[in-house]
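A.B. asks: So that we are looking at the same thing, I have put the structure below in structure tokens.
Nothing in this text is a laboratory measurement; each read-out follows from the coordinates by a stated rule. Fair warning: this is a prediction, and the values are worked out from it, not measured in the lab. Heads up, the Cβs are rebuilt from the backbone with ideal geometry, glycines too, and the neighbour counts pull from every protein chain shown.
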Amino acid sequence: MSRDFDFIVIGGGHNGLTAAAWLAKAGRRVLLLEARQTLGGSAATEELFPGFHFNTAAPDAGLLAPQVAAELGLHKHGLDFVASQAAAFAPLAGGRGLTLWRDAERSAMEIAAFSAADAKAFLPFHRRTRRFAAVLAKMAALQPFALKSNSLRTLAGWARLALSLRALGGRDMMEFLRVLPMGAAHYLNEHFESDALKGLLAYASTVGLMQGPRASGTAFMLLYQQMGADNGAYRSSLLPRGGVGRLSTALAAAAQAHGAELRTGTPVAAILCEDGRAAGVRLASGEEVRAGAVLSSADPRRTFLSLVGGPQLGPRFSRRLRSLKLRGSTASVHLALSGLPEFPAAAGDPSRLDGAIVISPSLDYAEQAYDDAKHGRIARRPVLEARIPSLLDAGLAPQGQHTLSILFRYAPHQLAEGDWDAERERLGDLAVDTLTQHAPNLKSLISDRHTITPLDYERDYGLSGGGEMHGQMGLDQLLLMRPTPGFIGYRSPIDSLYVCGAGAHPGGGVTGLPGLLAARQAAKEGYAKQT
Amino acid sequence: MPIPGPLHSRIAPLCTTQEWRDWSGYLCPATYQPSHEVEYFAVRNAAGLIDVSPLYKYELRGPDAGRLADRLLTRDVSKCRVGQVLYSPWCDEDGYVIDDGTLARLGSDHYRLTAADPSLRWLQDVGYGMDVEIEDVSTRLAALALQGPNSRAILESLFSNLSLGQLGYYRLLQTKFKDAPLTVTRTGYTGDLGYELWLPPEHAPALWDRLMDAGRGYGLLPVGLAALDMLRVEAGLLLIEVDYTSSNHAHIPAQKSTPYELGLGWTVAANKADFIGRHSLQALAQPAQQLVGLAVSWPDLEREFGKVGLPPQVAGRASRTPVPLYAGGRHVGQATSLMFSPILKTYIALATLDSQYAQPGSDVEIEITVEYVRGRAGAKVVKPPFYDPPHKKAVQRG
């Protein structure tokens, strides 16, 4: 069998790039294929308007696993982080505001203005959740285990994890196991009384989930979002200088430095399967490229049902893929601003605005926003996360001007009525109107606006169902159930076809871990050495 | 609770015994008359009419209809011509049999499949991504089985336009009955000459009436499930959940069967295009157990029953109670369908045996119970079918 490359990587998002760079560094011949003209996928920074650069999907790269940056030498390839002072700022009705700072003690002082009891409870809560998040971070970096036939090395990794769980101490270990399947609302209610604080903290618990904070398993996401938070923040939010896309640029540079070939604007039409194994790909142009193995960072549904094709799959597996919960529920609105909007609640302190600006004033508010989406409607009173990255990184916008990106929750991919092409600008208006309640001069500063709906994420960014996590990160779609039962260690029922995107363990978020772990697995299995 | 089927208005008045069985949720007579043996002999010597409407039926239409059928079944569907019918089991991905049925090719892109169990979801799963329309027509098609040596003559008297004499075994004809489409397949579950008639349920009672009228001079009787069960055992035809357990219903892996274990190895076309279970079946082609026929020694029965002063007591109907089999004092299998064959005058069984004892001519022992006491009688392995008359497959010349 003639072969053009050892490995073909489908998709140039940060996970695909990580896999390509790692395999190239390991001395393999690698071709990466990206359908869009830009690399980065959901970790991209795009110049939507001349001079204005926006993070069009992921708002930060704070979850990036340190080992990805270290193994690939990303700092040599131009990766550099800027850190905000504020982790999150919640402007509230009546001109009040709550800021959580990177400095936890400073956060506690802010919280005291809302509740003395909460201020007292915050620091122990924060210390404990950080310990829990550290265990999750270890888990995320392990090869997922199989129910049978594990390698000793895989088991040893999980044994070490079990030890670190034990090291939490009896009380914390029990608490960790108790908390993971809980609803975030329930968990937060156990600790705090202030609506403002609980609403703000709960925002992180539903990132990428078509669920409200009361749903089971959202406490897991609350902790997951805290992985890698290096200081007092309730979630990690390091921003690469130059935008999230700079991470992808650095990964691409690392891949190319090790000899990988990267082709953009090259959609893959099909994964070629011969006798149950992946032998290469057919491009949309009709060209066929052959390889020893294929790694796909496209979501599992696209990878298998579209690129491999239903008839090639076993009926059990194909049903599982069709049952995969994707459920995109996030839209985004990107604004080019002629100046910095004034938030009266920030009391003239722009440093309060340099992190996430979160509109989620209470648990009930967030749950009700989800309730709309549950019934197929755009949230009438949406939960928002706005970022003004140009505050920290002036190069993202022309001198004196700013970029503001809003993640809009909840916007269900499947609308009960109407369609997204008709609803796009209405959603954009709603996002701006909602934010304007807290920043009265916002509208007067907007020079351009670009709205990305869940349908756009599906059509333009390749996310099936608009699902930014390539499969919701509910407890039923994690670890050895991710993306569905039947995947063991990034392998699929199709021989020599690996899943290396967010659909695989540990999941969504800009971690680079699915790409890294899948590349290790693929390299270990030695397809590149055959024939 | 079972419900009346499309022919209930006709069969209910005839079912003088009021002995009903539940077949896939429908009321079906076990016997119409006090003696099921009369019904049995009608099929073997004259003709019987059986309502088989409770079968599950699926239609596959479209460019990939044949591809779906070929991926589903172990038989090579590419060799099935228009007008042909195939019997085949189908397997799960591990190579274990889910169900068995017949596939009729009605047109170049049009097939009809029968199944014992509901199968729509499995068909949809196997056909996902194929250009094929899968329709559950179970309630949109009634089915009448006209079986027995006189069945051709009865049918010819009704449909003089059909050249039934030339219709081969496992072939089909399509015609009209009262402007409704009627498919006639030369198939059945009796091992005799016979036909199955498939038509919309609203026309089924009228067809029943016409057949019963036409059959008057030919000894035609309505036949219930008790007789059918005996007929199919003599014909060596398997019954799901009796002679094998569907892999969908097995509680433990040992309850599942491969086609090789069921004596259906001949249906596995290992060299055709990829089909569900092919990969697993490659490793399973040498089965540890096999389904065989048994003929129980009558002298042994006389001996064992004679010890207590009784003549042999044998099941008048086909027994579905599994009975253990022994060889050299060791358990080596079980008989799953057991009956006294009225036409062969032999006590016969369908049985699953360890492969080393499965060769025709092998001797094993079967457990019998004589006045509450367990004993054993000798039995010889035979290759089913037990009863295979020439007229089952015969075609008239010219």
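A.B. asks: For chain A, what relative contact order do you get, as a whole percent, if you take Cα pairs closer than 8 Å and at least 6 residues apart? Each step should come with its number before you reach the end.
C.D. replies: Numbers: 1254 pairs, mean separation 131.0, N = 531.
Taking the mean separation of contacting Cα pairs over the length of chain A, I get 25 percent.
A.B. asks: Could I ask something else about it? Excluding same-chain residues fewer than 8 positions from A:Lys76, which lysines have a Cα within less than 24 Å of its Cα?
C.D. replies: Correct list for A:Lys76: A:Lys25.
A.B. asks: From the square roots a ≥ b ≥ c of the eigenvalues of the alpha-carbon gyration tensor of the protein assembly as shown, which class results: rounded (a/c under 1.5), prolate (a/b over b/c), or oblate?
C.D. replies: Working: a/c = 2.46, a/b = 2.34, b/c = 1.05.
In terms of gyration-tensor shape, prolate.
A.B. asks: Shifting gears a bit: Please give the FRET efficiency for A:Arg160 paired with B:Leu120, using the beta carbon to beta carbon distance and R0 = 60 Å, rounded to the nearest 0.05.
C.D. replies: Calculated value: 0.80.
A.B. asks: Rounded to whole Hz and in sequence order, give me ³J(HN,Hα) for region A:210-225 from the Karplus expression 6.51 cos²θ - 1.76 cosθ + 1.60, θ = phi - 60°, writing x for Gly and Pro.
C.D. replies: 8, 8, x, x, 7, 6, 4, x, 6, 5, 4, 5, 4, 6, 4, 5
A.B. asks: For the pair A:Ala416 and A:Thr436, how long in nm is the line joining their label points, each one 7 Å along Cα→Cβ?
C.D. replies: Label at A:Ala416, label at A:Thr436, 2.7 nm between them.
A.B. asks: What is the antiparallel percent of DSSP beta bridges lying wholly in chain A, to the nearest 5?
C.D. replies: 70
A.B. asks: Hey, another quick one. Can you give the FRET efficiency to the nearest 0.05 for B:Ser160 and A:Ala83, using r as the Cβ-Cβ distance and R₀ = 60 Å? Write out the running numbers ahead of the final one.
C.D. replies: Values: r = 93 Å, r/R0 = 1.55.
The computed FRET efficiency comes out at 0.05.
A.B. asks: In region A:429-444, which residues have a backbone nitrogen under 19 Å from the label point lying 7 Å from A:Gln368's Cα in the Cα-to-Cβ direction?
C.D. replies: The answer is A:430-438.
A.B. asks: Place a point 7 Å from the Cα of B:Asp94 along the Cα-to-Cβ direction; which residues of region A:471-490 have their backbone N under 15 Å from it?
C.D. replies: A:486
A.B. asks: Another one. Place +1 on the Cβ of every Lys and Arg and -1 on the Cβ of every Asp and Glu in region A:440-531, take the dipole about the Cα centre, and give the residue among A:Pro440, A:Gln472, A:Leu497 whose Cα lies farthest towards its positive end.
C.D. replies: Checked the options; the winner is A:Leu497.
A.B. asks: Rank B:Asp99, B:Asp363, B:Asp213 by mean-square fluctuation in a GNM of chain B with C-alpha springs under 10 angstrom and give only the top-ranked residue.
C.D. replies: B:Asp213
A.B. asks: Another question about this same structure. What do you get for the angle between helix A:116-140 and the principal long axis of chain A? Use alpha-carbon atoms, 0 to 90 degrees, nearest ten.
C.D. replies: The angle comes out at about 10 degrees.
A.B. asks: If we count every other residue with Cβ under 9 angstrom of A:Gln472's Cβ, Lys/Arg +1 and Asp/Glu -1, where does the sum land?
C.D. replies: After counting each charged neighbour, the total is +1.
A.B. asks: I would also like to ask the following. Dipole magnitude of chain B about its Cα centre, charges +1 at Lys/Arg Cβ and -1 at Asp/Glu Cβ only, in debye to the nearest 20? Before the final figure, lay out the partial values.
C.D. replies: Details: 38 positive and 43 negative charges, 209 e Å.
The calculated dipole for chain B is roughly 1000 debye.
A.B. asks: Further question: Percent relative contact order of chain B, based on C-alpha pairs within less than 8 angstrom and at least six residues apart?
C.D. replies: RCO, chain B: 18 percent.
A.B. asks: Another one. Which of A:Arg106, A:Arg426, B:Arg10 comes first, and how do the rest follow, when ranked by fewest Cβ neighbours within 10 Å?
C.D. replies: Working: A:Arg106 15, A:Arg426 12, B:Arg10 19.
The order, fewest Cβ neighbours first, is A:Arg426, A:Arg106, B:Arg10.
A.B. asks: Count the net charge of all other residues whose Cβ sits under 10 Å from the Cβ of A:Arg3, scoring Lys and Arg as +1 and Asp and Glu as -1.
C.D. replies: 0
A.B. asks: On the principal axes of its Cα set, how long, how wide and how thick is region A:354-432? Give whole Å, largest value first.
C.D. replies: Dimensions of region A:354-432 along the principal axes of its Cα atoms: 43, 31, 16 Å.
A.B. asks: Can you give me the relative contact order of region B:222-316 as a percent, contacts being Cα pairs under 8 Å and 6 or more apart?
C.D. replies: 18
A.B. asks: Residue farthest toward the positive end of the dipole of the protein assembly as shown, with Cβ of Lys/Arg at +1 and Asp/Glu at -1: which of A:Phe487, A:Gly217, A:Leu72?
C.D. replies: The one lying farthest along the dipole's positive direction is A:Leu72.
A.B. asks: Could you work out how far apart the two model spin labels at B:Val395 and A:Asp476 are, taking each label as a point 7 Å from the Cα in the direction of the beta carbon, and quote it in nm?
C.D. replies: 5.4
A.B. asks: Restricting to the protein assembly as shown, compute how many DSSP beta bridges are antiparallel as a %, nearest 5.
C.D. replies: Bridges in the protein assembly as shown are about 85 percent antiparallel.
A.B. asks: Find me the longest stretch of chain A that has none of the exposed GluC sites (Glu not before Pro), where exposed means in a DSSP loop (not H, G, I, E or B) with at most 14 other Cβ atoms within 10 Å. Display every interim value, and only then the final one.
C.D. replies: Details: sites that count: A:Glu193, A:Glu287, A:Glu417.
Between exposed loop sites, the widest span is A:1-192.
A.B. asks: I would also like to ask the following. Which of rounded, prolate or oblate describes region A:110-173 when judged by the alpha-carbon gyration tensor and an a/c cut-off of 1.5?
C.D. replies: Taking the square roots of the gyration eigenvalues as a ≥ b ≥ c, region A:110-173 is prolate.
A.B. asks: Considering only C-alpha atoms, what is the centroid distance from region A:1-54 to region B:75-143, in Å?
C.D. replies: Cα centroid to Cα centroid, the span is 44 Å.
A.B. asks: Something else now. To the nearest 20 debye, what is the magnitude of the charge dipole of region B:300-356 about its Cα centre, counting +1 on the Cβ of each Lys and Arg and -1 on the Cβ of each Asp and Glu?
C.D. replies: Dipole about the Cα centre, nearest 20: 140 debye.
A.B. asks: Between B:Trp23 and residues 5 or more places away or on another chain, which pairs have amide H atoms under 5 Å apart, with H built 1.01 Å from N, and which residues are they?
C.D. replies: Residues meeting the criterion, in which the H sits 1.01 Å from N, are B:Cys28.
A.B. asks: Treating the beta-carbon of each Lys and Arg as +1 and of each Asp and Glu as -1, no other charges, what is the dipole magnitude of the protein assembly as shown about its Cα centre, to the nearest 20 debye?
C.D. replies: 1560
A.B. asks: For labels at A:Thr264 and A:His375 in the simple 7 Å Cα→Cβ model, what's the distance in nm?
C.D. replies: Simple spin-label model gives 4.4 nm for this pair.
A.B. asks: Per residue of region B:375-386, what does 6.51 cos²θ - 1.76 cosθ + 1.60 with θ = phi - 60° give for ³J(HN,Hα)? Whole Hz please, x for Gly and Pro, Karplus curve as stated.
C.D. replies: x, 9, 10, x, 8, 10, 6, 10, 8, x, x, 6
A.B. asks: Would you compute, from DSSP H runs of 4+ residues alone, the mean residue ellipticity of the protein assembly as shown at 222 nm, taking -39500 (n - 2.57) per run and dividing by the full residue count, rounded to the nearest 500?
C.D. replies: Details: 25 runs with 252 residues, N = 929.
Counting only the DSSP helices, I get -8000 deg cm²/dmol.
A.B. asks: Still on this structure, please answer the following. Identify, among A:Thr154, A:Met109, A:Ala134, the residue whose Cα sits farthest towards the positive end of the charge dipole of region A:70-164, taking +1 on the Cβ of Lys and Arg and -1 on the Cβ of Asp and Glu, with the dipole about the Cα centre.
C.D. replies: Final value for the positive-end residue is A:Thr154.
A.B. asks: Now for a separate question. Say a site is exposed when it is one of the GluC sites (Glu not before Pro), sits in a DSSP loop, and has at most 12 other Cβ atoms within 10 Å; what is then the longest site-free stretch of chain B?
C.D. replies: Excluding the exposed sites themselves, the longest stretch runs over B:1-240.
A.B. asks: Which order results if A:Met221, A:Met182, A:Met109, B:Met1 are arranged by neighbouring Cβ count within 10 Å, fewest first?
C.D. replies: Numbers: A:Met221 28, A:Met182 19, A:Met109 14, B:Met1 5.
Ascending number of Cβ neighbours within 10 Å: B:Met1, A:Met109, A:Met182, A:Met221.
A.B. asks: On to the next question. B:Arg376 label point, 7 Å along Cα→Cβ, cut-off 17 Å on backbone N: hits in region B:329-354?
C.D. replies: From region B:329-354, the list is B:329-335, B:352-354.
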